[in-house]
1. What does the convex hull of the alpha-carbon atoms of the protein assembly as shown project to on average, in nm²?
2. At q = 0.22 Å⁻¹, what base-10 log of I(q)/I(0) does the Debye formula yield for segment B:14-74 when every alpha carbon is treated as an equal point scatterer in vacuo?
3. For residue A:12, place a label point 7 Å out from Cα along the Cα→Cβ vector, do the same in each other copy, and report the separations in nm, one decimal, smallest first.
4. Every other copy gets compared here: list the nm distances from the residue F:40 label point (7 Å along Cα to Cβ) to its counterparts, shortest first, one decimal.
5. Using Cα-Cα distances under 8 Å and only pairs 6 or more residues apart, what relative contact order does chain E have, in percent?
6. Tilt of helix D:36-46 relative to the longest C-alpha principal axis of chain D, in degrees (0 to 90, nearest 10)?
7. So how far, in whole Å, is the C-alpha centre of segment E:1-67 from the one of segment F:29-76?
8. Please rank D:20, A:9, fewest neighbouring Cβ atoms within 10 Å first, as an exposure proxy.
């Protein structure tokens, strides 16, 4: 996974920051399971399971803390 | 999910901040499972399961940390 | 859930802050499952289950971080 | 639970701070399950279960973050 | 558990800080389950279980946040 | 595990910081289960299990908070 995917934690808006948090969360899965085909097989399982969906939102929330702090909460 | 849903982390009151944290938590689920019908099917499962309810409150708590910090804890 | 329940994160004492953290944790459950009767049905399940009790204490701990920071840790 | 149990987050040493974090973690369980006899019944279950022990240590770690910040990490 | 095991959160290097985080994580388990023999019995279970191993690494990560902040991230 | 593996939390870029967070997360597992062969046996289990993959991404997110703060979020 040598290609570049994360140049900065700075985003223009809170929503773009939230979407970056989603990307960070997905990359954590991708680094742990690099196979596209395995991840494709697993996706329907966790995206239809309540516990896994809540857990996914949890990881996003943790990454969103990081991105929000990096952007000083987009305060003007 | 191109429409705008998050313009700011700033709220007038702590309660509005808590409700924004709930919104952030739900959006994490929505981004992971964009299908309205699948989410509708899953909702009764997690909203009647103790473990999932506690886990939901946990995600809200993490997002509320972010929103609270953004608002400097609504200190006067 | 339009009525007001959270006016401030500031409390006089650490213990009052901890109790506010408990309230925040319960409200996260209440917003996710608004039905009083369903929550009543679930309560005995999670309050007698070790894993759920620990998870509840975890959510309180996260909210207590927020309340503690808001009160600057009640330092004199 | 009207009696006073938490007067301050300040401790003399990091170890006393860690032990306060343990107390905070246990109080989260006690507030959720106030019955002494039920908690007594549950204790052997979670104290011999690997997952619950790790989860307990996790809650302590979160509370220890709070106590450590309150004490400015006991820096001289 | 009256003997002293935690005198300071300050370490010379990030790695020593990480190892202190491991110690903190283990002490959380030891305080919850003080019996050496029970912990010995449980150790092979969680150290060969993927979920428990990840959960252990999670607790270490939380404690490492605390230790890292205490050391101002070992910045020169 | 006496050899040195963590000299600094400072990285040149956010992506290198994220990769350091992955390393920290894996070391938490390695310290808990030092046997290479046991870890090899377990890896396929958690890397094909949705819950474990999400949990792995969660641990990385927590460590990434630490690394990001250490680097002041790579702000110029």
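Taken together, the values in this text are just the output of simple stated rules run on the coordinates, not laboratory data. Note that the structure is predicted; figures quoted are calculated from it, not measured. Don't worry about glycine lacking a Cβ; one is built from the backbone with ideal geometry, like all the others, and counts go over all protein chains shown.
1. Numbers: hull surface 89.7 nm².
Convex hull of Cα atoms, orientation-averaged projection: 22.4 nm².
2. Reported log10 I(q)/I(0), two decimals: -0.89.
3. For residue A:12, the inter-copy label distances come out at 2.9, 2.9, 5.0, 5.0, 5.8 nm.
4. 3.0, 3.0, 5.1, 5.1, 5.9
5. Details: 44 pairs, mean separation 38.5, N = 76.
Relative CO of chain E lands at 51 percent.
6. Its long axis makes an angle of about 90 degrees.
7. One Cα centre to the other: 16 Å.
8. Numbers: D:20 21, A:9 25.
Neighbour counts put them in this order, fewest first: D:20, A:9.
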